[in-house]
Amino acid sequence: MNQDSVLQASQPQPVPRKPAAGATRLLVKGNWLLSLLALILLWWIVSSLLSARVLPGPVQAVEAMLDDIKDGEIFSHLGITMFRVLASFLLTMLLGIAIGCALGLSKKLASFFNLWMVVGMTIPALVYIVVIFLWLGLSEFSAILAVTCTTMFTISFNIWEGVKSMDKKLMEMATIFGAGKKLTFRRIIIPQLLPYIMASARFGLGLSWKMVIFVELMGRPDGIGYMINHWYALYNMPHVLSNAIIFIIVMIIIELFIGRWLEPRLFSWRPKSSH
């Protein structure tokens, strides 16, 4: 080995530069835009192969959406549906976290209620809705309760699994140092459960709004689900898609708020991924 090759080998090799944060954000936004354009293109292609009465194209759906927005009635129905979604979602999360923590922290409760959880998760959503409407009537409370019952068991099971996967050594350490139940729950259990709670919240929110639309289709005189059923009865597919698109846009905005703003702030302590 000659002197030049030794000197070349001893020199520090250039470290590959990571893309700047701004470039990464721009790439993500570009992927979102391409994905949206691909979806619209696929919609346009399929609609061109079918009758407009079966699947209207993007232009017809947007025209119907603008008509609904100008009419203004859609906003009152949207507000009613969002109230039902948020009310049932909050009730589901409160019950789901409470039940999941209770089952995860108590082997006796878990053993006794395990069959209940399995049965609750396997009952079809339609059965919950029909039974609750028959018992309580077509009221606002029954609609929210029906949605809660269809989603609560799934959320409870997710939180239950989160509690079972917690670091038991931290629990033992809290007991040794004489930490009370409230302090242990607030400082040890909740921080470890937070990823499971957020994952359950995102899943539960999506499931809640689907169930709310289903409930409104079956037995409510207002809301987006009612309007979709109204336009379906008139066989007006552009307005059916219009109402669906407006609600989907609102839910996407909420999902982006949770995934892009709230979650990064709640989990700012996590090491950032190198990918």
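Some observations on this one:
- Within the range 186-206, being in contact with a Gly (Cβ under 6 Å, 6 or more places away or on another chain) and without any contact (Cβ under 8 Å) to a residue 60 or more places away in the chain holds for one residue alone: Tyr196.
- Restricting the range 208-245 to residues that are under 19 Å from the mean Cα position of the chain (by Cα) and among the small types (Gly, Ala, Ser) leaves a set whose member that is farthest from Leu136 (Cα to Cα) is Ala244.
- Subset tally (residues that are of a type outside the set (Phe, Trp, Tyr) and surrounded by 14 or more Cβ atoms within 10 Å (Cβ to Cβ)) for the range 64-119: 30
- Within this structure, Val212 fails the test of being surrounded by 17 or more Cβ atoms within 10 Å (Cβ to Cβ), over 30 Å from Gly79 (Cβ atoms) and touching a residue at least 24 places away in the same chain (Cβ under 8 Å).
- Within the range 133-222, helices (runs of 4 or more DSSP H) holding 2 or more residues that are at pLDDT 85 or above and among the acidic types (Asp, Glu): 140-164
- Number of the condition not met by His239 [criteria: (1) touching a Leu at 6+ places or on another chain (Cβ under 7 Å); (2) crowded, with 21+ Cβ neighbours inside 10 Å]: (1)
- Of all residues making up the range 120-131, the number that are more than 17 Å from Phe89 (Cβ to Cβ), assigned to a helix (DSSP H, G or I) and not hydroxyl-bearing (Ser, Thr, Tyr): 6
- There is at least one residue in the range 97-111 that is assigned to a helix (DSSP H, G or I), without any contact (Cβ under 8 Å) to a residue 40 or more places away in the chain and touching a helix residue (DSSP H, G or I) at 6+ places or on another chain (Cβ under 6 Å).
The values are calculated or read from the model by the stated rules, or taken from the named source; none is laboratory data. The model shown is predicted, which means the values in this text are computed figures rather than measured ones. Methodologically, a virtual Cβ is constructed for each residue, glycine included, from the backbone with ideal geometry; neighbour enumeration extends over all protein chains shown.
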